[in-house]
Amino acid sequence: MKVEKTKVVTLTYELRINDENGEQNLIETANEEHPMVFIHGMSGLPEQFEEQLEGLNEGDAFDFKLAAEEGYGEYNPAALVDLPMDVFEIEGSVPENMLEEGNFIPMADSEGNQLQGRVVEVKEDSVKMDFNHPLAGKELYFKGKVEKVREATDEELDHGHVHGEGGVQH
């Protein structure tokens with residue numbers, strides 16, 4: 001069976017990015033015990049990632065690079081913002097250990113959209129947060145194998161995600 005729209009795809013892979021010296025570093029692995037499982041065309045993954053897999057068969061290997069703009073976009077300096085300290089208060093105080101550099105904090109913008117922000121710097125009355133995706137501005141190097149391809153169930157298509165093994169249990 002081929003990888004195509006609405007098929008459930010199971011992958012194993014290694015994801016590498018270049019460090020500041022141009023050396024490739026392994027940053028993520030999906031192995032046979034913990035593969036990536038998604039509905040092709042409904043995953044929320046970068047479009048170019050899915051396009052690279054389109055048409056591959058079960059058992060096929062893949063090895064491709066995504067430029068930053070094909071992955072999670074270029075780094076946007078405007079997504080680096082200072083927020084007043086009181087934004088982080090819960091019942092009048094900031095929870096201990098919440099505002100440590102490098103921590104990711106789930107937040108919402110003024111329209112209610114969910115965002116993940118990374119604490120960059122804690123100042124006396126404000127916090128510098130970075131709302132860029134952690135892989136923004138990075139070239140992504142994927143190498144792996146299509147382990148399995150199957151038809152998605154009607155329920156999976158209705159819900160927009162995989163159920164059962166490797167998917168959502170509900």
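The values are calculated or read from the model by the stated rules, or taken from the named source; none is laboratory data. The structure displayed is predicted, hence computed values, not measured ones. No Cβ is skipped: glycine too gets one built from the backbone with ideal geometry, and neighbour counts run over all protein chains shown. Just the protein is used for accessible areas: all its heavy atoms, side chains included, with ligands, DNA and RNA removed. Shrake-Rupley method; radii C 1.70, N 1.55, O 1.52, S 1.80 Å.
Picking from residues in the range 116-167 that are modelled with pLDDT under 90 and of a type in the set (G, A, S), the one that is farthest from G22 (Cα to Cα) is G164.
Against the list (1) under 18 Å from K145 (Cα atoms); (2) at pLDDT 95 or above, the condition M1 fails is (2). Only residues that are part of a loop (DSSP other than H, G, I, E, B), surrounded by 12 or more Cβ atoms within 10 Å (Cβ to Cβ) and out of contact with any Ser or Thr (no Cβ under 7 Å at 6 or more places or on another chain) were counted in the range 1-39, giving 4. Residues in the range 95-108 that are without any contact (Cβ under 8 Å) to a residue 12 or more places away in the chain, open to solvent by less than 50 Å² (accessible area, probe 1.4 Å) and either touching a helix residue (DSSP H, G or I) at 6+ places or on another chain (Cβ under 7 Å) or of a type in the set (D, E, K, R) (or both): M98 only.
Restricting attention to the range 31-55, the residues being among the hydroxyl-bearing types (S, T, Y) and over 16 Å from the mean Cα position of the chain (by Cα) number 0.
Residue by residue, here is whether (1) out of contact with any helix residue (DSSP H, G or I) (no Cβ under 9 Å at 6 or more places or on another chain); (2) within 22 Å of M42 (Cα to Cα) holds:
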residue: N76; (1), (2): yes, no
residue: G92; (1), (2): yes, no
residue: E111; (1), (2): yes, no
residue: E139; (1), (2): no, no
residue: E156; (1), (2): yes, yes
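Does H159 qualify as being open to solvent by 70 Å² or more (accessible area, probe 1.4 Å), out of contact with any Asp or Glu (no Cβ under 7 Å at 6 or more places or on another chain) and closer than 17 Å to Y75 by Cβ? No: the conditions fail for H159.
Exactly one residue out of E58, E50, E54 is of a type in the set (D, E), within 24 Å of Q116 (Cα to Cα) and surrounded by 12 or more Cβ atoms within 10 Å (Cβ to Cβ), and it is E50.
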